[in-house]
Amino acid sequence: MPIEFRLGLIGYPLGHSLSPKLHAAALAACGLTGSYSLFPITPDDIPGLQYLLARLRTGEIHGLNVTIPHKQNVIPLLDDLTETAQSIGAVNTISLRNGRLIGDNTDAPGFMADLNRLLEIRKSRFDTRFSILEPRISSIENRKSALVLGAGGSARAVTYALCSAGWQVTIAARRLEQAESLRESVQAARSQIKSITVDAVIGWRGDLLVNTTPLGMAPAVDTSAWPAGIPFPAGATVYDLVYNPRETRLVREARAAGLTATTGLGMLIEQAALAFEIWTGCQPPREALWQAAKAQK
């Protein structure tokens, strides 16, 4: 008898989540039956986390995603971590293997896959615009300096992914100790990482600006992680992990300044597809997930 997959997302708040639509599309595209539920668990509700993990352990639930604020809270409650999750220090995907709860992180490869897509698009535009006029301009793939805004679980995944790909990363947080803590946690790449406060971003020059904070997320759509009145770094690409609204204030203002900018919708789709494959063994077509996201109003 075919398995009816019961999947879900742990986090708080979850009203903005597109994950149910994406995973419903993945189930349909793979010819599988099942459901994807939202499990809002408040930041201090450890018993709530334990209850859901117990349901996963007994097979009542077949897979769980984890988002803010529980990407680190769940770690002590799991049996094992993958190498990626261990290195990042944050979990966004939980599965059951041989009776053991395994924490994984698909945010890092999901972010990198979508970033590479964006950089390829920019590279083609860059080459088309400048290859004849300025043949000495270096290609985009050789530009490897990034500024990461935030120091939470998503920042850990982004920093790990960028360092693994050879980027030099500056972490900017509200408090320097937050940025330093993240830097210390990525032990293998500490030489590639600098830490500063958000107030110190003025004058930063580099190739990629990544917002990993929730600033700009609905309903607080008038907020932005980039300090008001500070010019954007010239020529940088801007990647905002926030995907609701479809054009955040950060992305809108970066585009108005002439920069290539995108929200995190592509990352959301990539990490969802990777998690879905872990749970079901099926790799869903990305186009099906993109269509589901576009259909969501």
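For the chain, what mean projected area does the convex hull of the alpha carbons give, in nm²?
Numbers: hull surface 64.3 nm².
If I average the Cα hull's projected area over directions, I get 16.1 nm².
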Among all helices in the chain defined by DSSP H, which have a length of 20 Å or more along the axis from Cα atoms plus a Kyte-Doolittle mean of at least 1.0?
265-280
Could you give the semi-axes, largest first, of the ellipsoid that matches segment 108-263, computed as the square roots of 5 times the alpha carbon gyration tensor eigenvalues and rounded to whole Å?
24, 19, 14
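Report the local net charge at Arg6: Lys and Arg +1, Asp and Glu -1, summed over other residues whose C-beta lies under 14 Å from its C-beta. Present the calculation step by step, with values, prior to reporting the outcome.
Numbers: positive: Arg55, Arg57; negative: Glu4, Glu60.
Residues near Arg6 contribute 0 overall.
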Modelled label-to-label distance, Thr58 and Ile121, 7 Å Cα→beta-carbon offset: nm?
4.5
Distance in nm between pseudo-label sites at Ala256 and Lys294 (7 Å out along the Cβ direction from Cα):
2.7
I need the per residue convex hull volume for segment 154-210, using only the alpha carbons, in cubic angstrom as a whole number.
75
Just order 74-86, 17-29 by mean Cβ neighbour count inside 10 Å, highest at the front, would you?
17-29, 74-86
Near Lys294, which lysines are there with a Cα under 26 Å away, not counting those fewer than 8 places off in the same chain?
Lys21, Lys123
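Laboratory data are not the source of any read-out in this text; all were calculated from the coordinates shown. Just so we're clear, the structure is a prediction, and the values are computed from it rather than from any experiment. Here Cβ is always computed from backbone atoms with ideal geometry, including for glycine, and neighbour counts include all displayed protein chains.
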